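Have a look at the structure below, then the notes.
Just so you know, all these numbers are worked out from the coordinates, no wet-lab data involved. Fair warning: this is a prediction, and the values are worked out from it, not measured in the lab. Cβ: placed from backbone, ideal geometry, glycine included. Neighbour counts: every protein chain shown.
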Amino acid sequence: MRLFTAIALPQEILLRLDRLMAALRPEALIKWSPLDNLHITTKFIGEWPEARLDELHSALADAAPRTPFEVEISGLGWFPNERAPRVLWAGVHGAEPLSQLARDTDERLQSLGIPHEDREFSPHLTLARIKSPVPLRPLRERVARLQPAQIGKFEVSHFALYRSDPGSNASIYRKLREYKFEASMAASSARQ
């Protein structure tokens, strides 16, 4: 099975993103992400044998003890750049606590043989993918007018392990398990 870890978005943030994407969608015929697929990826795991899920759960639980932190969704941008874009994204700002979660997850999973991330952690939400050349001027102009695109803030109190299965139009993501920060902190204190 194909797996990754991520932070789910709260309903109010998803509703704001839905309104934003509804405003942008008419500007370009590109592949827009399904709202249900929007999340903040913290670690791509890749193919993993079901027989070894317990090992994975233990390693991820070890990465969970931490204090909840705030994340802000704001700003729109393009990967790799605005001149030749392949992705339209919304920015994710969680400062050091979010980066630390990604590093800790990466470190814990390395011990299971999962490759270390070579790229610097760059949190974002993929709003759309541009697979083939299409006119983007109206979309670029609309994105520029919407900046800084303040979508909202929320508190992160857990992350989750997801399974990705191919679907007819987009991948289907299923949450397999959550790793709560506060519960893990309490459990850790109780063991001492």
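Structure data summary
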item: Amide hydrogen neighbours beyond the local backbone of GLY94, cut-off 5 Å, H modeled; result: GLU72
item: Protection proxy ranking of 30-37, 7-14 - average other beta-carbon atoms within 10 Å, highest first; result: 7-14, 30-37
item: SER74-LEU53 FRET efficiency (beta carbon distance; Förster radius 30 Å; 0.05 resolution); result: 0.25
item: Sequence-distant residues sharing a close amide H with ALA149 (under 5 Å, placed H); result: GLY75
item: Gain on full stretching of the segment that runs from VAL134 to SER171 - 0.36 nm per residue minus C-alpha separation; result: 11.0 nm
item: For segment 104-120, Karplus couplings with θ = phi - 60° (6.51, -1.76, 1.60), whole Hz, Gly/Pro x; result: 4, 5, 4, 5, 5, 7, 4, 5, 9, x, 7, x, 5, 6, 7, 7, 5
item: Amide proton proximity set for SER33, modelled H, under 5 Å, gap of 5+; result: ALA128, ARG129
item: Hydrodynamic radius by Kirkwood, which averages 1/r over all alpha carbon pairs of the chain, in angstrom; result: 17.8 Å
item: Relative contact order %, segment 2-191, counting alpha carbon pairs below 8 Å whose residues are six or more apart; result: 34 percent
item: Count of lysine pairs in the chain with Cα separation under 25 Å (8 or more residues apart, or interchain); result: 9
